[in-house]
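Taking it in order: structure first as structure tokens, then the write-up.
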Amino acid sequence: YVGESEEKLQDLFKTAEKASPVIIFFEQLDAIAGLNSDMSGAQERVISQLLVELDAIRNDPTMTVIGETTDSANIDPRLLQAGRFEETLELDVPDGRTRRQILEVLTEDKPISDDISLGEIAAPNGDDDPTSEASGGDLEGIVRNASLKAIREHAKEEGEDADKTAEEIEIQEE
């Protein structure tokens, strides 16, 4: 529906104002406010609504808005003006040691085969290795996909319905 996204954005800020102090967090800001050559009228209206909402809370110390992106060059420059998303913090991808620590946290409650080495996954053998530039989110996706694959394999072996989600199947260590 035309205007539905803008209305939801407006409702978000109204709800946040009632609940303040509050932090509004936009994950993948570039997905809703990014630059692209084929920007539609709908996307322009969403960006305009976001600008209106940001300007309305500019001087309200009880409301903080944070946006995350993996492509800061793709953010509409109007959003980066004073009083909007004016401060940036760039984080490098984690090094091998940090990737291993992230993997340890992500897998602490998961049974892992003895032939799996988190150290080898975390410390790749060159720049073309898939984890050499992996962020924490990328590593989370790798662990989730590996878990789902293991669940499906286990379900096939046990004759269970392999279409169940990870939350519906509990693998117990024997």
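The values are calculated or read from the model by the stated rules, or taken from the named source; none is laboratory data. Keep in mind it's a predicted model, so treat the numbers as computed, not measured. Positions of Cβ are generated from backbone atoms using ideal geometry, with glycine treated the same way; all protein chains shown enter the neighbour counts. All accessible areas refer to the heavy atoms of the entire protein, side chains included, with ligands and DNA or RNA removed. Shrake-Rupley method; radii C 1.70, N 1.55, O 1.52, S 1.80 Å.
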Worksheet entry | Selection within region 100-122 - open to solvent by 80 Å² or more (accessible area, probe 1.4 Å), under 17 Å from A134 (Cα atoms) and out of contact with any helix residue (DSSP H, G or I) (no Cβ under 7 Å at 6 or more places or on another chain) | Q101, V105, E120
Practice prompt. Quickly run through region 61-81 and pick out the residues that are outside any helix (DSSP H, G or I), among the aliphatic types (A, V, I, L, M) and surrounded by 15 or more Cβ atoms within 10 Å (Cβ to Cβ).
Written response: M63, V65, I75
Worksheet item: Just a yes or no: is a residue in region 30-40 among the acidic types (D, E), in a loop (DSSP other than H, G, I, E, B), within 22 Å of G136 (Cα to Cα) and under 22 Å from the mean Cα position of the chain (by Cα)?
Response: no
Worksheet entry | The listed residue being closer than 30 Å to A146 by Cα and among the hydroxyl-bearing types (S, T, Y), out of T107, T62, T88, T15 | T107
Worksheet item: Does region 13-30 hold any residues that are farther than 17 Å from L79 by Cβ and open to solvent by less than 100 Å² (accessible area, probe 1.4 Å), and which are they?
Response: T15, A16, A19, S20, V22
Worksheet item: Take the residues of region 131-146 that are touching a Leu at 6+ places or on another chain (Cβ under 9 Å) and open to solvent by 80 Å² or more (accessible area, probe 1.4 Å): which is farthest from G96 (Cα to Cα)?
Response: R144
Discussion item. Restricting to region 61-84, give me the number of residues that are charged (D, E, K, R) and at pLDDT 90 or above.
Written reply: 0
Worksheet item: Listed residues R45, R97, R58, R84; which is open to solvent by 40 Å² or more (accessible area, probe 1.4 Å), touching a residue at least 12 places away in the same chain (Cβ under 8 Å) and over 24 Å from S5 (Cα atoms)?
Response: R97
Discussion item. For a quick check of your reading of the model, give me the residue pairs whose first member lies in region 6-32 and is without any contact (Cβ under 8 Å) to a residue 12 or more places away in the chain, whose second is in a loop (DSSP other than H, G, I, E, B) and exposed (fewer than 11 other Cβ atoms within 10 Å of the Cβ), with beta-carbon atoms closer than 9 Å and at least 6 apart or on different chains.
Written reply: E7/Y1
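Conditions (1) of a type in the set (K, R); (2) modelled with pLDDT under 85, marked per residue:
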residue	(1), (2)
E86	no, yes
E108	no, no
S132	no, yes
R144	yes, no
E160	no, yes
D163	no, yes
